[in-house]
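> Below you will find the structure I want to go over with you.
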């Protein structure tokens, strides 16, 4: 009985933190619109633009070829931004009011991470609908698998964002994150090109980029093409999630409250 | 459980690289007190609060809140306290209700009484009719009141108010005082507030600790602190300056005497009562009197003027004169 109450209180706390993130997400309309619009721009402008002149893509239409990459792009942007948004929470003291509550740092981290995963999932859902419109087809199994990959990638990258955000005290650091984290993660992932025949130096970089494995996994699931097996992709994503999750929790523990 | 002292601070120190923000502070605060930490910006008030609220690690020393050690038992300390930060920290995009709901869950308030607690808290701060508005539509004073409601949601033993009226206009400030006073009456709370507004401390607090450079330099009731200055001050322009001065010296009600720019300045216990008595013995062209305020006490203790704009009344000059 005592344990049940404890679990209830604990899950209430995570729920409360998650609820706040989701409500804020839906109320910050401009952020929602902007972050949905960018991937669409890529999909339609880059996708259609290169469709006419690119033939590197397994005889699949280029727009469809980059569709899994654009899903991952949306996750990269939403998750890393969400995580590093914690700088704002600190600036406006909301985080202080949470840290003075009897809530452990790992609980705060978990609530935040769940919030980030939910955000990514909502944005990806919009893209999946767009995918149907441009003629990408999914089986129900593929849909479930896609959700799993998206959640894993989102957890890893939200953790990365939260880790970076927890060390930064000023909003200027935000621009650095965009230039040195978000864009490299996206461009090096092979979201826009096949990773089989890359020059050595680029190949090394794509191999260490966790997003590579999510893109590859989604290509496996959605298009039936991939450079690695789905099992390997999943395994690498799991390892990244564990490592980045642990790093994030550690960073939250040592984050200064005031 | 009833403890006489709800807060015990023992040689608490917070040192940064070059600055000692809180310097060997020791202080006991009793159950039910409204205690004021008074001092200029940078005196160390907020640092004390942050340490007691377990947000900041002391460099040395210790403290207990509600009998829990702030370093060994931070989670229980946090459950025992409510805190209103200097800068409102509610989420702008959420409604007042949602802010309280989320905090109630974070504090593990029993779900069966959660709704009731939230309603009560809104009523206590007079925001019931605005509870479903987003906080960004609240005025500065309403935001502070919401913070208070939030701080009370889990029925804490102590409420910390860090500069509760900073940046509010005079009428919002008075409303805030009204609510704080009501709070003291209704809830059996111990309140610790920091402020640099003297009148605020004077009006709200049972006991005041005046802080300067990380130390408490005076600790007493507002009344006793003011008595430190030797009661009221009377300023007279005498017709026959020299002879009357001699007469005044012998009056029993005159505790102190000095002169300033052709005026005679008297320290008197109760000016209202004693001025008629004084005027029986001497002839005056003009009489003025003033009761000391905490500002004067502060000025005397630190040599610094706490007010944002120096008013420079004769009392302040008298205090300075008396010091030299």
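> If you build a Gaussian network model of chain A, linking Cα atoms that sit under 10 Å apart, which residue out of A:140, A:194, A:184 swings the most?
Looking only at A:140, A:194, A:184, the biggest GNM fluctuation is shown by A:140.
> When the helix-only estimate is applied to chain A (DSSP H runs of n ≥ 4, each -39,500 (n - 2.57), divided by the residue count), what is the mean residue ellipticity at 222 nm, nearest 500 deg cm²/dmol? Walk me through the numbers on the way to the answer.
Numbers: 13 runs with 189 residues, N = 258.
Taken over chain A, the calculation gives -24000 deg cm²/dmol.
> Need the C-alpha centroid separation for the stretch B:126-164 versus the stretch A:188-258, integer Å.
Distance between centres, Cα-based: 45 Å.
> Sticking with this structure for a sec: Under 1.5 on a/c is rounded, so check that first for chain B, then, if it is not, pick prolate when a/b is larger than b/c and oblate when it is not; a ≥ b ≥ c are the square roots of the alpha carbon gyration tensor eigenvalues.
prolate
> Run the helix sum for chain B: -39,500 (n - 2.57) per DSSP H stretch of 4+ residues, divided by residue count, reported at 222 nm to the nearest 500 deg cm²/dmol.
-11000 deg cm²/dmol
> Now for a different question. Shape of the protein assembly as shown from its Cα gyration tensor (a ≥ b ≥ c, root eigenvalues): rounded if a/c is under 1.5, otherwise prolate when a/b > b/c, or oblate?
prolate
> Right, another one. Please identify, among A:24, A:76, A:124, the residue showing maximal mean-square fluctuation in a Gaussian network model of chain A using a 10 angstrom Cα cutoff.
Greatest mean-square fluctuation among the candidates belongs to A:24.
> For chain B, set up a Gaussian network in which alpha carbons nearer than 10 Å are linked by springs, and say which option among B:250, B:99, B:274 fluctuates the most.
Of B:250, B:99, B:274, the most mobile in the Gaussian network model is B:250.
> Indicate the gyration tensor shape class of the stretch A:2-254 (rounded, prolate or oblate), computed on the Cα atoms with a ≥ b ≥ c the square roots of the eigenvalues: a/c under 1.5 is rounded; otherwise a/b larger than b/c is prolate and the rest oblate.
prolate
> To continue, here is another question. With a 10 Å Cβ neighbour count serving as the proxy for reagent exposure, in which order, fewest first, do B:145, A:27 appear? Let's see the in-between values first.
Values: B:145 28, A:27 15.
Going from least to most buried by this count: A:27, B:145.
> By count of other Cβ within 10 Å, fewest leading, how are B:94, A:198 ordered?
A:198, B:94
> For the residues A:67, A:92, what sequence is obtained by ranking on other C-beta atoms within 10 Å, fewest first?
Numbers: A:67 27, A:92 16.
Sorted ascending by nearby Cβ count, the order is A:92, A:67.
Bear in mind that the values in this text are calculations on the coordinates, not laboratory data. Since the structure is predicted, the reported quantities are computational estimates derived from the model, not experimental observations. Cβ atoms come from the backbone with ideal geometry, glycine included; neighbour counts cover every protein chain shown.
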